[in-house]
Amino acid sequence: MDDCIFCKIANGDIPTNYVYSDDRVVAFNDLNPQAPVHVLVIPRQHYASSAAVDDPSVWSSLMDSAVKVARSLGLEDKGYRMVINTGTDGGQTVPHLHLHLLAGRNLGWPPG
Ligand code: AMP
Ligand code: ZN
């Protein structure tokens, strides 16, 4: 997707310090963090949202990478939250599938 900002981050068109990367996934800090730790984990391949995923292995790579990032940041003891906003009611603003990894404070529930 030529005009997708997260595709550009994933393919290196926008230079970004990755928190984690492998052949399927990259992770980087959110520009507008909502918690002391706010990492976005995205597939390199473009999917407009979770609703567009047609390959279950996308989920294993995304979730496995998110847990690896959480582990690498030492978040297991105090905990963390993983969120995937989908569509308008879900609050999605960037139309490239991404998982939010949030930690570092006590997160409220239910979400707004
Ligand atoms: P969502 O609202 O779930 O679609 O989340 C999109 C997230 O992407 C928001 O938390 C934004 O702060 C974040 N974001 C948008 N552009 C960038 C960027 N260039 N680099 C890092 N994070 C970004
Ligand atoms: Zn994209």
Checklist entry - Do we find a residue being within 29 Å of Gly112 (Cβ to Cβ) and more than 13 Å from the chain's Cα centre (by Cα) anywhere in the stretch 19-31? => result no
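Kindly establish whether Leu31 is within 11 Å of ligand 1 (Cβ to nearest atom), among the aliphatic types (A, V, I, L, M) and open to solvent by 80 Å² or more (accessible area, probe 1.4 Å).
When the stated conditions are applied, Leu31 passes them.
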Next on the checklist: Pull out all pairs, ordered by first then second residue, where Cβ-Cβ is under 7 Å, the residues are six or more apart or on different chains, the first lies in the stretch 76-101 and is near ligand 1 (Cβ under 7 Å from one of its atoms), and the second is open to solvent by 80 Å² or more (accessible area, probe 1.4 Å).
Outcome noted: Val94/Ile5
Checklist outcome for this item: The residue from Ala48, Ala52 that alone is surrounded by fewer than 17 Cβ atoms within 10 Å (Cβ to Cβ), of a type outside the set (D, E, K, R) and in contact with a His (Cβ under 8 Å, 6 or more places away or on another chain) is Ala48
Item to check | Of residues in the stretch 35-51 being more than 16 Å from Met63 (Cα to Cα) and away from ligand 2 (no atom under 15 Å from the Cβ), the one nearest to the chain's Cα centre (by Cα) | outcome: Val37
Checklist entry - Does Val39 count as out of contact with any helix residue (DSSP H, G or I) (no Cβ under 9 Å at 6 or more places or on another chain), under 22 Å from Asn106 (Cα atoms) and among the β-branched types (Val, Ile, Thr)? => result no
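The values are calculated or read from the model by the stated rules, or taken from the named source; none is laboratory data. These figures come from a predicted structure and were not determined experimentally. A quick note on method: Cβ atoms are made from the backbone with ideal geometry, for glycine too, and the neighbour counts reach across all protein chains shown. Heads up: the accessible areas ignore ligands, DNA and RNA and are worked out on the full protein's heavy atoms, side chains in. Shrake-Rupley method; radii C 1.70, N 1.55, O 1.52, S 1.80 Å.
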